[in-house]
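**Student:** Here it is, the structure in full.
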Amino acid sequence: MRIVTNKKLARRNRKITNYLFFGTFGALILGFVVINASLFTNQTPDTLTLFAQSAVLPVAFILTIVSVRMTNLWARVPRPEKAIEDGLKGLSNKSVLYNYYHFPVRHVLICPQGVFAIVTRWHDQQFSLRDGKFRSKRNLISKLFSAIRFDGVGKPFRDAEIARAHIQNAIDDVADDVNVQSLIVFVDPSASVEIETEPEIPVLYADPKRSPNLKEFMRDAKRLLGDAAGKSKNASLMPLSDEQIQEFEDATI
């Protein structure tokens, strides 16, 4: 499998994440000093000091939220691109995995089984899935802190549909008869999803030791294609020709 990753973007965002961490830490220290400045002086705070005192905590809070989000997306391990790559070991060497080139879609896979827009979740907690809605099994306090940090699981199915439509538009420019599919993949081995009702979009684990996982899904998809193709070799063909893949890359990378 060929891996095409926007390493420049990934490195840049990891650096930004580090800067945000230290910036947030500095803002919290500055906030403590500014808010308690009157304790160290006998002077009445002037207008500028009062403004700084009222602004420093909201700024520090916003920096904290942004820093946490950037950390989860760009610095947290396992890295999604690596987890997906490991989960797809054994896939046809004709396959191509694109990482961080097609935003809002972060991962795109072209393989004999089809074209897939992959939406990942980094969360390491337990969820139940019913009627297309994820519900965390954490206690109330943990849910409260998660809400404050804005780092909940969000709406994976909505994101997956947006991702599918975005890649479908790009594929339509190079091929008329290819239907893009979407996948939701949890990349952390500690994640657990109790599926109570079958979702319209597959929800998978990147970890091949968990089930359902990416490798199982691709194996089953290959079997279905083989059954549909009969004894022909169509099941092993790519959905796009080499020329179409090159055209797709030229237009989107």
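**Student:** How much mean residue ellipticity at 222 nm does the chain get from its helices, if each DSSP H run of length 4 or more adds -39500 (n - 2.57) and you divide by all residues, to the nearest 500 deg cm²/dmol?
**Tutor:** -15500 deg cm²/dmol
**Student:** Another one. Note the per residue figure in Å³ for the convex hull of the C-alpha positions in region 140-253.
**Tutor:** Roughly 155 Å³ of hull volume per residue.
**Student:** With springs only between Cα atoms under 10 Å apart, run a GNM on the chain and tell me which of THR64, THR197, THR17 wobbles the most.
**Tutor:** THR197
**Student:** So which trypsin sites (Lys or Arg not before Pro) in region 75-122 pass both tests, a DSSP loop state and at most 12 other Cβ atoms within 10 Å of the Cβ?
**Tutor:** Filter output for region 75-122: LYS89.
**Student:** Counting only complete DSSP H runs, which helices of the chain cover 30 Å or more along their long axis at the Cα atoms and score a mean Kyte-Doolittle of -0.5 or above?
**Tutor:** Counting only whole DSSP H runs, the qualifying helices are 7-35, 47-70.
**Student:** Then there is this: Rounded to the nearest 0.05, what FRET efficiency is calculated for TYR101 and GLU198 with R0 set to 22 Å and r the Cβ-Cβ distance?
**Tutor:** The value I calculate is 0.10.
**Student:** Straight-line reach from LYS8: which aspartates and glutamates have a Cα under 15 Å away, not including same-chain ones fewer than 8 places off?
**Tutor:** List returned: GLU81.
**Student:** Consider a paramagnetic label point 7 Å from the Cα of ASP250 along Cα→Cβ; state which residues of region 147-176 have an amide N under 17 Å from it.
**Tutor:** What the label zone holds, given the 17 Å backbone N cut-off, is 170-176.
**Student:** Checking the table LYS137/LYS215; LYS7/LYS137; LYS15/LYS133; LYS7/LYS215 against a 29 Å threshold on Cα-Cα, which pairs fail?
**Tutor:** Distance filter (> 29 Å) returns LYS7/LYS137; LYS15/LYS133.
**Student:** Right, next: Placing one identical point scatterer on every Cα of the chain and ignoring solvent, what is log10 I(q)/I(0) from the Debye formula at q = 0.10 Å⁻¹?
**Tutor:** The Debye formula, applied to the Cα set alone, gives -0.60.
**Student:** Only Cα pairs under 8 Å and at least 6 apart count here; give the relative contact order of the chain as a rounded whole percent.
**Tutor:** 21 percent
**Student:** Here is a follow-up. Identify all lysines with a Cα-Cα distance to LYS222 below 23 Å; exclude those on the same chain that are fewer than 8 residues away in sequence.
**Tutor:** Straight-line reach from LYS222, under 23 Å: LYS82, LYS89, LYS94, LYS209, LYS231, LYS233.
**Student:** Now a separate question. Going out from 0 in 10 Å bins, what whole percent of all Cα-Cα distances in region 81-165 drops into each bin?
**Tutor:** 15, 38, 32, 13, 2
**Student:** Okay, moving on. Under a GNM of the chain (C-alpha, springs under 10 Å), which listed residue has the highest mean-square fluctuation: LEU225, LEU129, LEU140?
**Tutor:** LEU140
**Student:** Can you tell me what share of the DSSP beta bridges in the chain is antiparallel? A percent to the nearest 5 is fine.
**Tutor:** Antiparallel bridges make up about 40 percent of those DSSP assigns within the chain.
**Student:** Name the longest site-free stretch of the chain, where the excluded sites are GluC sites (Glu not before Pro) in a DSSP loop with no more than 13 other beta-carbon atoms within 10 Å.
**Tutor:** That would be 1-195.
**Student:** Measure off 7 Å from each Cα along the Cα-to-Cβ vector at ASP86 and TYR19, then give the distance between these two points in nanometres to one decimal.
**Tutor:** Result for the modelled spin labels: 3.1 nm.
Just so you know, all these numbers are worked out from the coordinates, no wet-lab data involved. The structure displayed is predicted, hence computed values, not measured ones. Note that we place each Cβ from the backbone using ideal geometry, even for glycine, and neighbour counts take in every protein chain shown.
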